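Visitor: This is the structure, below, for whatever I ask next.
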Amino acid sequence: MAERDNRRGRQDRDETPEFADRLVAINRVSKTVKGGKRFGFAALVVVGDQRGRVGFGKGKAKEVPEAIRKATESAKRNMMRVPLRDGRTLHHDIEGRHGAGKVVMRTAPAGTGIIAGGPMRAVFEMLGVQDVVAKSIGSQNPYNMIRATLDGLGKEASPRQVAARRGKKVADILKKPDAEAPAAAAEA
């Protein structure tokens, strides 16, 4: 019986890994009615496990804590996995677009840190990226910036994925051109 309980506990941990969340924006909206104004709140939250999974969600409610709770649940339902190089940076430079928002993300050497602003920084921190250089071009709307960032991260491909798609080995994909080949061509 104790063994069964132990397995169940392990399953529960696997299904709900520990997520960190970051509140990106809260928007207060009002509706004018006969007796005055009614206020509502919209929250934008980014959730991640800081090991390659990230998602974002929106929530609307009459009170801020309820809006944040709804946004966090929505973010956990809409998670995506992103391959990271050495668990700290991107594999290659990428661009993401959504609406008028455009973002450019570049790999960076160790020690660079996260050079990104506002909503993009929240996405990278929740994703677990430690070194990246990013720039937002166009829309400064946090919703569009996050969607553009996640669009770009969705295009990220690891060498293993590229090799599998091409039917090659990872070593063939990462092979550097020989320094002797250009020298031989120059002599001929």
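Visitor: Restricting to the range 109-158, what's the tally of residues that are over 17 Å from residue 52 (Cβ atoms) and in contact with an Asp or Glu (Cβ under 8 Å, 6 or more places away or on another chain)?
Guide: Number of matching residues: 5.
Visitor: Restricting the search to the range 52-63, which residues are surrounded by 14 or more Cβ atoms within 10 Å (Cβ to Cβ) and at negative phi? Talk me through it step by step, then tell me what you get.
Guide: Applying the first criterion (surrounded by 14 or more Cβ atoms within 10 Å (Cβ to Cβ)) to the range 52-63 yields 52-61.
Those that are surrounded by 14 or more Cβ atoms within 10 Å (Cβ to Cβ) and at negative phi: 53, 54, 55, 56, 57, 58, 59, 60, 61.
Visitor: Provide a single number: the residues in the range 57-95 that are of a type in the set (Val, Ile, Thr) and touching a helix residue (DSSP H, G or I) at 6+ places or on another chain (Cβ under 6 Å).
Guide: Pass one, the range 57-95, residues of a type in the set (Val, Ile, Thr): 64, 68, 72, 82, 89, 94.
Subsequent filtering for residues that are touching a helix residue (DSSP H, G or I) at 6+ places or on another chain (Cβ under 6 Å) retains 82, 94.
Residues in the range 57-95 being of a type in the set (Val, Ile, Thr) and touching a helix residue (DSSP H, G or I) at 6+ places or on another chain (Cβ under 6 Å): 2 in total.
Visitor: Hey, another quick one. Right, residue 101: at pLDDT below 95, surrounded by 18 or more Cβ atoms within 10 Å (Cβ to Cβ) and small (Gly, Ala, Ser) or not?
Guide: Working: at pLDDT below 95: yes; surrounded by 18 or more Cβ atoms within 10 Å (Cβ to Cβ): yes; small (Gly, Ala, Ser): yes.
Taking the combined requirement at face value, the residue satisfies it.
Visitor: A further question follows. So, residue 123, is that one among the aliphatic types (A, V, I, L, M), assigned to a strand (DSSP E or B) and under 13 Å from the mean Cα position of the chain (by Cα) or not? Step through it out loud before you land on a result.
Guide: Numbers: among the aliphatic types (A, V, I, L, M): yes; assigned to a strand (DSSP E or B): no; under 13 Å from the mean Cα position of the chain (by Cα): yes.
Criteria not met by residue 123.
Visitor: Something else now. Quick one: is residue 68 crowded, with 17+ Cβ neighbours inside 10 Å and either among the acidic types (Asp, Glu) or more than 19 Å from residue 148 (Cβ to Cβ) (or both)?
Guide: Values: crowded, with 17+ Cβ neighbours inside 10 Å: yes; either among the acidic types (Asp, Glu) or more than 19 Å from residue 148 (Cβ to Cβ) (or both): yes.
The answer is yes for residue 68.
The values are calculated or read from the model by the stated rules, or taken from the named source; none is laboratory data. Given the structure is predicted, the values throughout are model-derived calculations rather than measurements. Methodologically, a virtual Cβ is constructed for each residue, glycine included, from the backbone with ideal geometry; neighbour enumeration extends over all protein chains shown.
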